[in-house]
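In what follows, a single structure is set out as structure tokens and then discussed.
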Amino acid sequence: MKKTITDEIYKKLKEAKHLSAVNPDKSYEISFEAYTMSRKHNLKIEEGYALTSMAFAYRAKSKINNMLECSLKALEIFEEEEDISGQAKASNIIGIAYFYSSMYEDALKYFLRTKELYSNIKDDFLFSCVLNNIGEVYRESGIYNKALEYYFEALEVTSEKEYILNTASIYSNIGEIYYAEEKYYYALKYFTKSYDILINKNDMVTLGEVENKLGKVYFNIGNHIMAEEYFIYSLSRLDNLDNKYYAIDVLVSIAGLNLERDIDKSLYYYDKALNYAESLGAKKKLCDVYKLISQLYEKKNNYKTALLYYKKYDRIGKEISALNLGNKLEILRIELGHYKDNDKFENVKKRLENEILKQRAELEKTKESNEILEKKAYEDELSGIPNRRAISRHISSMWQSCKKNSEEVILLMIDIDNFKRYNDFWGHSKGDECLKKVAVCINEIKEAKKEIFGRYGGEEFVYFAKGLNCEQALELGNLIREEVEKLGMHYIFDDEIKITTISVGGVLGRASDINSFEKLLEESDKQLYRAKEAGRNKTFIKCLSE
């Protein structure tokens, strides 16, 4: 009777194993039936294998905490029953659970234990799998020489037994190491080996992944035609399968390919990757794409939009960090439930403290990056003084207060005279130096007077002050103009040496009498035009209160 029940349980577990990747819910349901039967008939070893089967179903459903709970229970049973094969299987699943939770030290501990157990029971397929898993831990930890050592050992086992798909996976992992080390010849060699196996095995998803990796290698060695070809193959394959998750990586690769030659096309592919990630709720990928888009806009000197996407990246990153920490805490709680002595309890407690410290360090790092980008968004990249956006933001924020208190305000528009001639004579590099020197000169006057000054665009600057009368406003405009002239920057035009000067145009009046800051800008620009028309190197101030 018991043998019949045992046979039925193993039959269910075999069926559950085949279903775990394609239908994890059904796989779990069948595994749980086997678990219930084992418990009912007090079949401890079968109960352990049913728990490992449930753990595999949880793995496919990405329920890592449940996966760990089942595999720890299974390990306890197999240790009590002295079942070596079961211990190896349960230890391997526990290692995978820790690996998925980025707890690499714990993962390695269980994988090494599994390796030792499998070497005793001579299960070559599972032995090669755990060697590959150990390699993955070292790869994620950045210890590439150790990762390769285990990958090649796994490869020896799979090659002897012709575990062909496992071999393809290991080739791809070896390629990843060489790619990370920028050894592109070897990366290409091993990705191609993996590709040649997969193309004959009809594993379309894995094939699409490897095609993307091949494309990235070709991109890095400068063969953009081959890179694009592999990226398009990969994207087409994954789109046909409606596999948006892996397609996101390919879209990011295509965006990177277009970054130098067509930035708008690059943005199109980043946006498409963003849409895929949002539709799937794939937070890690969403976070990565937000960061890449932020960097793209920063490259375009569009710091405002760069900051917008960086804040989105920051927000999602914090959500992921909180989720990861929560998962780790839950894993440690589960682990504590299986430890009965104080030493192990203290060890888990120490690991928890370390995780919290890591989390704080990450948050501080993100905060610093945010502050740098925030500063860039409102700072002129060339001169380091406030840019147009910062000036508009600052003055607009104080405008209502100025109107309410009927304060006298002055806005000066400042433009470098004949700057194109200077630029044409000396070249753009010297032209940039000229802009910086003018900015520094006027900024020193601003610092002494505690007023507002910034670059408005091109060779144009603005200066804002309060509490001056008409005579003082004119004195300020002339002071700025004369100090710039004293810099003695020159160029030659029509065989004559010309000193670089500026023209200044401004409007002074009560803020309550001026409709808006935009109106003040418009009127000041008119005065600047008058100064230019009068022969340049002039100061024109319009006093509205006179």
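Here are the numbers for this structure:
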| item | result |
| --- | --- |
| Subset of region 226-265 (residues that are polar (S, T, N, Q) and out of contact with any Ser or Thr (no Cβ under 9 Å at 6 or more places or on another chain)) | Ser236, Asn240, Asn243 |
| Matching residues in region 482-511 - criterion: being in contact with a helix residue (DSSP H, G or I) (Cβ under 9 Å, 6 or more places away or on another chain) and under 20 Å from Glu451 (Cα atoms) | Glu483, Val484, Ile502, Ser503, Val504, Gly505, Gly506, Val507, Leu508, Gly509, Arg510, Ala511 |
| Answer from Ala187, Ala154 - the residue that is surrounded by 20 or more Cβ atoms within 10 Å (Cβ to Cβ), more than 27 Å from the chain's Cα centre (by Cα) and free of Cβ contacts under 8 Å to residues at least 60 places away in the same chain | Ala154 |
| Every residue from region 462-472 that is under 25 Å from Arg389 (Cβ atoms), without any contact (Cβ under 8 Å) to a residue 60 or more places away in the chain and not small (Gly, Ala, Ser) | Tyr463 |
| Matching residues, region 377-408, being modelled with pLDDT under 80 and crowded, with 18+ Cβ neighbours inside 10 Å | Ala377, Tyr378 |
| All positions within region 111-140 that are of a type in the set (Gly, Ala, Ser) and free of Cβ contacts under 8 Å to residues at least 24 places away in the same chain | Ser119 |
| Members of region 8-59 that are of a type in the set (Asp, Glu), modelled with pLDDT of 90 or more and over 13 Å from Ser71 (Cα atoms) | Glu8, Glu15, Glu29, Glu33, Glu46 |
| Helices (runs of 4 or more DSSP H) fully within region 1-78 counting 3 or more residues that are more than 19 Å from Lys89 (Cβ to Cβ) | 2-19, 24-40 |
| Test: residue in region 27-41 that is under 19 Å from Asn133 (Cβ atoms), in contact with a helix residue (DSSP H, G or I) (Cβ under 9 Å, 6 or more places away or on another chain) and surrounded by fewer than 15 Cβ atoms within 10 Å (Cβ to Cβ) | no |
| From the options Glu182, Glu229, residue that is without any contact (Cβ under 8 Å) to a residue 60 or more places away in the chain, more than 26 Å from Leu286 (Cβ to Cβ) and under 22 Å from the mean Cα position of the chain (by Cα) | Glu182 |
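Residues checked against (1) assigned to a helix (DSSP H, G or I); (2) surrounded by 15 or more Cβ atoms within 10 Å (Cβ to Cβ); (3) within 18 Å of the chain's Cα centre (by Cα):
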residue: Gly208; (1), (2), (3): yes, yes, no
residue: Phe219; (1), (2), (3): yes, yes, no
residue: Gly222; (1), (2), (3): no, no, no
residue: Asp242; (1), (2), (3): no, no, no
residue: Arg261; (1), (2), (3): no, no, no
residue: Ala273; (1), (2), (3): yes, yes, yes
residue: Ala277; (1), (2), (3): yes, yes, yes
residue: Cys287; (1), (2), (3): yes, yes, yes
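The values are calculated or read from the model by the stated rules, or taken from the named source; none is laboratory data. All values derive from a computational prediction rather than experimental measurement. Neighbour counts are summed over all protein chains in view; Cβ atoms, including those assigned to glycine, are modelled from backbone coordinates with ideal geometry.
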